[in-house]
1. Would it be correct to say that residue 577 is over 17 Å from residue 355 (Cα atoms) and buried (at least 23 other Cβ atoms within 10 Å of the Cβ)?
2. Among 545, 512, which is among the aromatic types (Phe, Trp, Tyr) and under 25 Å from residue 346 (Cβ atoms)?
3. Mind telling me which of the residues 497, 463 ends up being over 28 Å from residue 353 (Cα atoms), more than 21 Å from the chain's Cα centre (by Cα) and either among the basic types (Lys, Arg) or part of a helix (DSSP H, G or I) (or both)?
4. Of the residues that make up the range 365-373, is at least one touching a Leu at 6+ places or on another chain (Cβ under 6 Å), modelled with pLDDT under 95, farther than 19 Å from residue 429 by Cβ and crowded, with 17+ Cβ neighbours inside 10 Å?
5. Based on this model, can you work out whether residue 272 counts as more than 28 Å from residue 184 (Cα to Cα), modelled with pLDDT of 95 or more and either buried (at least 19 other Cβ atoms within 10 Å of the Cβ) or not hydrophobic (A, V, I, L, M, F, W, C) (or both)?
6. Show the residue pairs that are 6+ apart or on different chains and have beta-carbon atoms under 8 Å apart, the first residue being within the range 256-280 and closer than 18 Å to residue 231 by Cα, the second being crowded, with 17+ Cβ neighbours inside 10 Å and of a type in the set (Asp, Glu).
7. Please go through the range 497-516 and give me each residue that is in contact with a Ser or Thr (Cβ under 8 Å, 6 or more places away or on another chain), of a type outside the set (A, V, I, L, M) and either within 30 Å of residue 183 (Cα to Cα) or surrounded by fewer than 20 Cβ atoms within 10 Å (Cβ to Cβ) (or both), ordered by number.
8. So, in the range 458-496, of the ones that are within 23 Å of residue 423 (Cβ to Cβ) and among the basic types (Lys, Arg), which residue ends up surrounded by the fewest Cβ atoms within 10 Å (Cβ to Cβ)?
Amino acid sequence: MSSGCGEAAEGEQPARRPSEQVKFGRDLFSLQLEVTEKLMEAEEKKLKVLKLEIEAGRHGDSAATSSKAKQLQAQEENYMRIKMQYERLYQEMKDIAVAGLIQKRPKMKASRSLPAIGLGAKHTPRPRPSLFGHFVPPPETRSPDSTPQTSTSLLLSPPPPSSSSSVDPNSEEVVYKDGVVVAGSLDGLISLLLPSQTHQIEQSYVFAFVLCSRLFIQPHQLLGRVTKIFSSLQKQQPSSSTDSGPANKIVELLSEWAEMFPYDFRDERMMRSLKDVTQHCASLSPELRRLVGQLQAALVKKLSVLDKYEHILAQVNAVSMERLINPKTQVNILSVCDSPQELAQQLTHIELERLNNIGPEEFIQTFVRCPEETEPLYRDMKKTSNIEAYVEWFNRLSYLVATEICVSDKKRNRAKLLEFFLDTAAECRKLNNFNSFMAISAGLFMSPVTRLKRTRSKVSSSKLHTIEAFVDPFSNFSTYRHALVSAFAQASKSREKMCVVPFFSLLVKDLYFLNEGMSNRLPSGHIRFEKCMALARLVSQILAYKETVLPFSRVRGVLNYLMTIPIHTDDELQLASFEIEPPENAGEKKRFQELRMLLGSFGQRIGRSSSVYSPTFPPGSLPFSPIQEET
């Protein structure tokens with residue numbers, strides 16, 4: 001760890017004033033607030049649908065009602081956990097307002113400044129007082145070359161131009177431009193999933209269409225239509241023919257579907273259709289039987305890994321929630337890990353673990369409406385919570401940083417911790433772990449931390465300035481975006497094991513803005529497939545390096561600490577901040593008195609005399625990515 005805990009060196013570039021530093025925190029937390037809000041609204045919608053279904057079936061099948069009651073309990077827990085995350089972020093925004101650093105926003109309600117989650121917006125999004133408009137320009141203003149060519153994004157590059165006419169010569173249901181599919185009817189686009197004599201299947205097409213088809217049709221309905229096409233092709237075969245061409249084609253398609261979107265097959269309707277089709281295909285030839293066996297084995301493995309991950313993640317959440325309710329233990333990360341490099345490495349393990357379990361379809365399911373002209377059913381709504389878990393992790397890390405600094409009652413220790421996290425952020429940047437970098441930065445720019453002027457005066461101002469320059473939202477986070485493009489380019493060329501972990505919430509906002517900026521359909525009624533390809537490219541960028549095998553090992557004690565140590569609420573952090581460095585103005589003094597009346601003394605509240613945290617969560621139970629080998 002760097003030793004620069006003294007006064008800023010002469011000649012260093014001065015860090016910005018605390019008010020400017022808090023504005024960076026405001027921007028990061030505003031970004032995180034709106035993403036968390038969308039997740040909360042999506043979970044609330046699922047909760048309402050489930051309650052209605054339970055009420056409607058109250059006098060029906062008792063077994064089904066009991067099963068839904070268990071689902072309701074789990075859904076309520078998910079909703080409350082995300083709601084608590086949202087309330088924390090919103091409280092931080094209020095604290096900034098109370099400090100007089102920004103104008104206080106009016107109290108937000110359920111449908112605050114944001115439109116309903118989902119697509120189907122007008123072609124030109126209407127202005128709204130949201131950070132979407134401030135940070136993310138309309139998709140058409142971005143350069144098409146701005147997305148780096150990674151191993152995944154290469155799969156999504158359009159097929160080479162051909163001499164095809166603008167309309168499929170055999171049907172007017174598919175529209176081409178320079179040999180690339182740009183639009184079509186739902187049936188026409190579905191027909192392209194199975195290759196024929198007139199066209200060959202493209203992996204990029206399969207990924208983009210299956211990903212975005214859920215805007216128009218449920219996955220089990222899509223599979224049903226594909227099965228009908230297969231049956232029709234089979235019937236066209238002469239009775240004496242031994243050609244298994246159609247069967248080979250559908251097994252190839254199903255293998256790619258199961259590889260790219262395995263979570264679709266958690267639906268029993270999908271599994272039932274898959275079983276029917278593959279059993280028939282397996283009976284046609286030994287080679288098809290082998291391919292079907294590989295498909296089924298790979299799918300079962302992926303789904304069992306997800307089940308295990310969700311089970312262990314639930315354990316971690318339960319332990320962290322229990323400690324949150326009664327946070328009597330003194331936190332002290334330096335007693336567990338005093339190396340910024342090691343901490344950055346362990347943070348990267350957690351980032352990739354969370355990313356690795358996100359299915360591409362979750363982005364569409366989370367931020368879009370249900371298929372057109374249908375009423376939502378709970379069984380058709382997203383069941384996985386991997387995006388939610390990842391956003392919660394960012395929020396947790398931000399508050400963990402602020403907690404570590406504010407609970408230390410000695411200025412020298414606080415300065416040491418502040419320097420430690422600055423160095424850790426720098427190490428995260430070296431590893432291309434931009435999500436942890438931004439989360440740490442958000443914690444450092446929280447109002448309880450930025451007001452600690454005496455503490456910050458003991459820290460290298462050049463390090464603070466480096467962080468500030470990187471997280472500056474000027475020109476749509478241009479500094480960060482240029483660094484991300486450079487990281488993608490470097491990782492794609494390197495022979496070493498390199499990862500790239502983008503700033504997740506900003507990419508989600510890009511996805512949302514792309515969704516808002518392009519309509520689902522053309523005036524002709526055709527599906528705008530150009531939008532599907534654009535969404536697919538962005539999603540593939542998010543997940544491009546999620547399966548990277550990191551060259552450094554896991555440290556169980558550090559992982560345990562990061563995921564389960566208690567973090568304090570905004571009120572507690574503000575109170576602690578006022579106690580270690582007294583209020584300086586009337587607004588702060590008033591806030592301090594309110595917190596004292598509400599909470600009492602922070603030192604007594606957390607029991608400063610208690611022993612330093614010692615890991616008690618079973619170390620063998622920590623979640624780990626099945627793709628990353630333990631060392």
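1. For residue 577, the condition - over 17 Å from residue 355 (Cα atoms) and buried (at least 23 other Cβ atoms within 10 Å of the Cβ) - is met.
2. Checking each option against the conditions leaves just 545.
3. It is 463.
4. yes
5. no
6. Correct list of pairs: 270/264.
7. Of everything in the range 497-516, just one residue is in contact with a Ser or Thr (Cβ under 8 Å, 6 or more places away or on another chain), of a type outside the set (A, V, I, L, M) and either within 30 Å of residue 183 (Cα to Cα) or surrounded by fewer than 20 Cβ atoms within 10 Å (Cβ to Cβ) (or both), namely 497.
8. Here the residue is 458.
The values are calculated or read from the model by the stated rules, or taken from the named source; none is laboratory data. If you're wondering where the values come from, they're calculated on a predicted model, not measured in any experiment. A quick note on method: Cβ atoms are made from the backbone with ideal geometry, for glycine too, and the neighbour counts reach across all protein chains shown.
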